[in-house]
Number of protein chains: 2
Amino acid sequence: MAAPTRRERLRKAAVAEIKDGARRLLVTGGVDAISLRAIARDMGMTAPAIYRYFPSLEALVAALAGDLYDELRLLLETARDDAGAEPVDQLLTMSRAFRAWSVAHPAEFGLIFGAPTPGRNALVDGCVDPGHPGSRFGAVFIQPILDLWRRSPFRTPPPELLRQRLGGRLEPLRLSHGELPVEVAYAFLSGWTRLYGLVAMEVFHQFDWAVTEAEELFELELEMLTAQLLADPPNQAPLGAKG
Amino acid sequence: MAAPTRRERLRKAAVAEIKDGARRLLVTGGVDAISLRAIARDMGMTAPAIYRYFPSLEALVAALAGDLYDELRLLLETARDDAGAEPVDQLLTMSRAFRAWSVAHPAEFGLIFGAPTPGRNALVDGCVDPGHPGSRFGAVFIQPILDLWRRSPFRTPPPELLRQRLGGRLEPLRLSHGELPVEVAYAFLSGWTRLYGLVAMEVFHQFDWAVTEAEELFELELEMLTAQLLADPPNQAPLGAKG
DNA sequence: AATTTCAGTGAACGCCGTTAACTATCGCAA
DNA sequence: TTGCGATAGTTAACGGCGTTCACTGAAATT
C-alpha cells in the first residue's frame, strides 16, 4: 500500500477540508451551526457535493466526533509520556490535560461527552466493540491505575462487595481490556466518573451559581482522588462496608 | 389578586398547551425536534401565533427548561419529605429519585444538565441571581448536609485547606444560601459533582463501553458518599492533607 | 480511443424561524 | 349601546436548512 493514487489524495484532502469546516462551525456556533451548505459555501462548492464524501450530515458529525475523541486521547497520551514513570504523576498530568482541553474546547467537549440526540447518536450506537473511541479513551486512564495497583494495592471497598455489585456487569470492560482486578475496575469507574463530573459541571456551566472559578475545586478534588489511590488498605475495610 | 380575567385564563392555558407540545416533541425527538411550526400544527394553529406568547423559540425552550428544573426540584422535595427526619436518609432518597427521574427522562435531563449551546443558553446567562432554578435546586441538597454537619461534623479535608482553596470563590453560593461552613460547602460541591457525574455518565451513555448496567455502580457510590458524610473526623486530617 | 468512474452542479421538495401586514374578536369605557 | 384599543389569530413572504434527482464534464481505466 505504497502509492495513493491521485484521486485518493484529492479525496482525502477534500474529506479533511470538510471536517475542518465542520469543526470551525462547531467552534464558532455550536453543533447546530454545522451545516452542509455553510461548509460547502466556505469551500466554494455546493452542498450536494458533500454527499460524495459523507452520506449525511449526521455521519459527518459522527466522523468529526470520532476525530475529536482521538485528538483528545493523543493529547492525554502525550501528557502521560511527559509525566515520567510514576503512575500517580501520570494520572495527575492526564487529568489536568483533560480539564484544560475541555475548558478550552467546550463545543468539542459537548459533542463527544454531552447528551446524544436523535440525529447525533451514531457514536453511541456501535458502542460495545473494543475499537470504539470511548473504549480506547478509557484505556489511557486504566493503565496507570493498573500499574499502581500492581505495585501496591490501594484502598477500595472490600473486594467481595465489589465482586457482588459489579462482578457481572463489567463484560464490556473485560471485552476491551481483559481481566482487570475488580478493585482496579472500580477505581477507574469511580475516578473517571468524578473527573468527568467535575469537568462537565464546569464546561456546562453547572457551577456558575455556586462558584466563581472551578480550577481550585478541581485541584482539590484531584488531590482527594489521588490520595485515595495512594492510601494503604488499613486492614481491609475502608470507608463504608456494610455488606 | 383573586379573580384572573377570562383573557388571563385563556392565555395561561395557551402557554401551558404550547409548553406541553414542546415537551412532547422534546421527548419524542430531542431538543432539535422542538419547532414552533410543529407545536402550532399540533394545536391547530399557525406558527406565528406562538409569538404572542413567546418572543422566540429559544425563549420557549428556556421557559420549558425552567419548568423542568422546578418539576425535578419538587420531586426531590417530595422524596425528601417522604424520607423522614434523618438527613442521611433524605440524601439517599433524593439521590435515588434524582437518578430515577434522569434515567426516565433523558431528553429533559439533557436539556437542563447538558451542554448549553449558542441559541440555548438563556438559562445560564442570568445565572448569578439567587432565584435561578439551579440555585433553588442546589438548596434541596444543601439543607440535609447542613443538618448533618450541625448534628455532628463529618470527615472533610482540613478546613484551613478548604478556606485557602475555596474561600474566596464561594460568593455565588453565599449570595443564595448565606454563610455556610466551608466544610459544608465543600461536601455539597463534591457530593453533588459526584452525583451529577454518575447520572450524566449513565444518561449520556458514557458507561456503555464499560458497564452493562449502571444502577449497582450508582448504589455503590452512594454508599461510599454517605459513608463519608457519616465518618467522624479522626483527629483532623483525613484522606489527603498536604497543606 | 472508448468507456467507465467519479466530483460537482442546478433545480426542486419540504422542512424550519421569523417578520410584516392584516383581520376579527374580546373587553372595557364613554 | 356604541365605539375603540388591546389582543389573538391569519396569510404571505424571506432566507436558511438537509436531501434527492437528473445532469455535465473531467479523470482514470481498458
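The values are calculated or read from the model by the stated rules, or taken from the named source; none is laboratory data. As the structure is a computational prediction, the values presented were derived from the model and not from experiment. When we count neighbours, we look across all protein chains shown, and the Cβ atoms used for this are built from the backbone with ideal geometry, even at glycine.
Does B:Leu68 count as under 30 Å from B:Glu8 (Cα atoms), more than 9 Å from chain A (Cβ to nearest Cβ), in contact with an Asp or Glu (Cβ under 7 Å, 6 or more places away or on another chain) and buried (at least 19 other Cβ atoms within 10 Å of the Cβ)? It would help to see each step written out before you state the result.
On the way: under 30 Å from B:Glu8 (Cα atoms): yes; more than 9 Å from chain A (Cβ to nearest Cβ): yes; in contact with an Asp or Glu (Cβ under 7 Å, 6 or more places away or on another chain): yes; buried (at least 19 other Cβ atoms within 10 Å of the Cβ): yes.
So B:Leu68 passes the test.
Quick one: count up the residues across the range B:115-142 that are at pLDDT 90 or above and more than 7 Å from chain A (Cβ to nearest Cβ).
Going through the range B:115-142 one residue at a time, the tally reaches 4.
Please work out which residue is nearest to DNA strand D (Cβ to nearest atom), limiting yourself to the range B:21-53 and to residues that are of a type in the set (D, E, K, R) and surrounded by 14 or more Cβ atoms within 10 Å (Cβ to Cβ).
At the first step, the residues of the range B:21-53 found to be of a type in the set (D, E, K, R) are B:23-24, B:32, B:37, B:41-42, B:52.
Pick out the ones that are also surrounded by 14 or more Cβ atoms within 10 Å (Cβ to Cβ) and you get B:23-24, B:32, B:42.
Values: B:Arg23: 19, B:Arg24: 18, B:Asp32: 10, B:Asp42: 12 Å.
So the residue we want is B:Asp32.
With the requirement that a residue be charged (D, E, K, R), within 13 Å of DNA strand D (Cβ to nearest atom) and within 18 Å of B:Ala107 (Cα to Cα), what does the range B:5-20 give you?
Answer for the range B:5-20, where residues must be charged (D, E, K, R), within 13 Å of DNA strand D (Cβ to nearest atom) and within 18 Å of B:Ala107 (Cα to Cα): there is none.
Taking the range A:13-42 as the search range and keeping residues that are β-branched (Val, Ile, Thr) and part of a helix (DSSP H, G or I), which one is farthest from DNA strand C (Cβ to nearest atom)?
So the residue we want is A:Val27.
Does A:Phe98 satisfy the criteria of being farther than 16 Å from A:Phe141 by Cα and touching a residue at least 12 places away in the same chain (Cβ under 8 Å)?
For A:Phe98, the condition - farther than 16 Å from A:Phe141 by Cα and touching a residue at least 12 places away in the same chain (Cβ under 8 Å) - is not met.
Restricting attention to the range A:21-79, report how many residues are in contact (Cβ under 8 Å) with a residue 40 or more places away in the chain and among the acidic types (Asp, Glu).
4
When you check B:Ala47 against the structure, is it more than 18 Å from B:Gly134 (Cα to Cα), at pLDDT 95 or above and not β-branched (Val, Ile, Thr), yes or no?
It is true that B:Ala47 is more than 18 Å from B:Gly134 (Cα to Cα), at pLDDT 95 or above and not β-branched (Val, Ile, Thr).
Between residues in the range B:6-20 that are touching a residue at least 24 places away in the same chain (Cβ under 8 Å) and residues that are of a type in the set (D, E, K, R), which pairs lie under 9 Å by C-beta distance while being six or more apart or on different chains?
Note: pairs meeting the criteria are B:Arg11/B:Arg52; B:Ala14/B:Arg52; B:Glu17/B:Asp42; B:Lys19/B:Asp67.
Condition (residue is within 16 Å of DNA strand D (Cβ to nearest atom), assigned to a helix (DSSP H, G or I) and either surrounded by fewer than 19 Cβ atoms within 10 Å (Cβ to Cβ) or more than 19 Å from the chain's Cα centre (by Cα) (or both)) applied to the range A:81-96: is it met by at least one residue?
Checked against the condition, which is being within 16 Å of DNA strand D (Cβ to nearest atom), assigned to a helix (DSSP H, G or I) and either surrounded by fewer than 19 Cβ atoms within 10 Å (Cβ to Cβ) or more than 19 Å from the chain's Cα centre (by Cα) (or both), the range A:81-96 yields no hits at all.
Does B:Ala59 satisfy the condition of being away from chain A (no Cβ under 14 Å) and more than 16 Å from DNA strand D (Cβ to nearest atom)?
No, not satisfied.
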